[in-house]
Amino acid sequence: MDLEQLFVENKEASIEGRYLTLESIEPLLNKLNSKNQLSIIGKSVLEKPIYKYQIGNGDTKIFLWSQMHGNESTTTKALFDFLNLLNSRTDLAEKLLSTFTFYAIPILNPDGAKLYTRVNANSIDLNRDSQDLSQPESRVLREAFLSFKPDYCFNLHDQRTIFGVSDTGKVATVSFLAPSYNEERDINDSRLKAINLIAGINSVLQQYIPNQVGRFDDSFNINCIGDTFQSLGVPTLLFEAGHFSNDYNREETRKYIFIALLSSFTILCENDIVINRINNYLNIPQNKPVFYDFIYKNVKINYDGIEKITNFAAQYKEELIENKIYFNAYIVEIGELKGYYGHFEYDAKGAAYKDDLDNFPKLNQKADFYLDKSLKFVNGLIKK
């Protein structure tokens with residue numbers, strides 16, 4: 001099976017980039033709604049509809065939700081690519097639809113998606129509200145879970161560009177977690193199913209992004225939705241879409257999430273879950289926050305008349321301006337930066353730092369500066 005070709009054939013061309021809202025996906029949902037698969041299952045704080053899309057008539061029930069955090073849209077794009085495949089009328093699609101029943105919530109947090117924020121309109125992180133259920137979106141998700149009674153849950157998220165694969169210097173393009181169900185992080189039959197499935201997905205992804213798959217820390221937090229659903233006896237998988245080189249719009253990462261989704265259902269379809277792949281799962285290196293978007297090394301600065309050589313780092317802030325996301329680079333760290341990597345690295349080789357302010361880098365300052373007056377950096381990058 002050519003997974004990359006399947007992605008090309010099913011990629012939903014009408015959505016791209018990082019800013020994905022309810023208005024972006026409603027036309028797609030209506031287009032896919034050929035057999036009354038679409039319905040509104042609740043409303044957000046600001047009374048925006050929360051949709052479910054259900055397809056398939058198989059015995060194994062799959063529950064997927066995306067954009068619980070409104071600014072995490074990569075998995076939503078990949079989810080629509082996968083829904084296109086399910087509607088492709090191919091032999092593969094028919095096999096999946098006869099094996100599974102899919103229940104998808106493409107955007108759980110439409111208010112946060114519109115404002116491009118992690119939280120909902122009440123400034124609540126829905127992924128810390130699984131016990132209090134204080135928010136309408138949290139209650140919608142719990143009611144869907146209870147009524148659908150899934151066999152597997154897929155909790156779909158994005159992660160920041162700061163995460164690498166342990167200390168390897170490789171970026172964590174995709175990361176996973178089989179959440180714990182108790183404080184002791186024990187492994188019961190339910191969690192083992194999630195572990196074995198993730199191990200299988202990883203073996204596929206290694207063919208495409210070798211050494212760029214990470215594993216999240218499994219510390220137990222019952223307030224997180226994945227931990228809650230795992231504790232309720234349903235195998236739950238956390239997907240985290242991360243960075244790929246020069247892919248800040250996450251169109252490449254989108255492909256690998258599609259491949260991960262399709263691979264997971266192929267594995268389940270073929271009943272290809274080995275009895276015990278705990279070691280394969282644990283051998284996936286843990287995520288570690290070891291990256292900055294920019295690192296500048298061996299820069300000469302003059303601070304109070306004293307010249308010294310130092311390093312500094314800059315990080316993008318994703319800022320929503322007039323319905324468009326702008327990546328604006330700000331200086332976030334100055335010093336040795338030992339053990340850290342940059343998605344963009346520049347060795348100044350002792351060149352002197354200059355800017356239009358105080359001629360030395362300051363925290364939270366825009367990354368606009370010169371090196372030896374001749375080389376200009378604008379928004380973190382060399383201006384050609």
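Checked against the criterion of being out of contact with any Gly (no Cβ under 6 Å at 6 or more places or on another chain) and in a helix (DSSP H, G or I), the candidates Lys52, Lys61, Lys114 yield just one match: Lys114.
Of the strands (runs of 3 or more DSSP E) entirely within segment 144-263, those holding at least 1 residues that are modelled with pLDDT of 95 or more and within 23 Å of Tyr103 (Cα to Cα) occupy 152-158, 174-177, 236-241.
Looking only at residues of segment 152-192 that are among the small types (Gly, Ala, Ser) and touching a residue at least 60 places away in the same chain (Cβ under 8 Å), we find that the one that is nearest to Asn280 (Cα to Cα) is Ala178. Annotation: of all residues in segment 363-384 being modelled with pLDDT of 95 or more and among the basic types (Lys, Arg), the one that is surrounded by the most Cβ atoms within 10 Å (Cβ to Cβ) is Lys366.
Would you pick out the residues in segment 191-246 that are among the hydroxyl-bearing types (Ser, Thr, Tyr) and closer than 26 Å to Gln135 by Cβ?
To start, the set of residues in segment 191-246 that are among the hydroxyl-bearing types (Ser, Thr, Tyr) comprises 203, 208, 219, 228, 231, 236, 245.
Ser219, Thr228, Ser231, Thr236 - these are the residues of segment 191-246 that are among the hydroxyl-bearing types (Ser, Thr, Tyr) and closer than 26 Å to Gln135 by Cβ.
Just wondering, is there one or more residues in segment 274-284 that are surrounded by 16 or more Cβ atoms within 10 Å (Cβ to Cβ), in a strand (DSSP E or B) and not acidic (Asp, Glu)? Scanning segment 274-284 turns up no residue that is surrounded by 16 or more Cβ atoms within 10 Å (Cβ to Cβ), in a strand (DSSP E or B) and not acidic (Asp, Glu). In segment 140-151, the residues that are of a type in the set (A, V, I, L, M, F, W, C) reach residues that are part of a helix (DSSP H, G or I) with C-beta atoms within less than 8 angstrom, at least six apart or across chains, in these pairs: Leu141/Leu126; Leu141/Ile225; Phe145/Phe229. For Ala78, are the conditions met, namely being touching a residue at least 12 places away in the same chain (Cβ under 8 Å), in contact with a Gly (Cβ under 7 Å, 6 or more places away or on another chain), under 30 Å from Pro289 (Cβ atoms) and in a helix (DSSP H, G or I)? Judged against the criteria, Ala78 is not a match. Exactly one residue among Asp167, Asp158 is among the acidic types (Asp, Glu), in the same structural domain as Ser66 (by TED's automatic domain parsing) and touching an Asp or Glu at 6+ places or on another chain (Cβ under 9 Å), and that residue is Asp158.
Taken over segment 335-348, the criterion of being assigned to a strand (DSSP E or B), touching a Lys or Arg at 6+ places or on another chain (Cβ under 8 Å) and surrounded by 15 or more Cβ atoms within 10 Å (Cβ to Cβ) is satisfied by Tyr346 alone.
Going through (1) touching a residue at least 40 places away in the same chain (Cβ under 8 Å); (2) crowded, with 16+ Cβ neighbours inside 10 Å; (3) not polar (S, T, N, Q) one by one, Lys324 falls short only on (2). Of the residues making up segment 163-184, those that are in contact with a Pro (Cβ under 7 Å, 6 or more places away or on another chain) and surrounded by 21 or more Cβ atoms within 10 Å (Cβ to Cβ) number 2.
The values are calculated or read from the model by the stated rules, or taken from the named source; none is laboratory data. Bear in mind the structure is a predicted one, so any value in this text is a computation, not a measurement. Because the Cβ atoms are built from the backbone with ideal geometry, glycine has one as well, and the counts that use them run over all protein chains shown.
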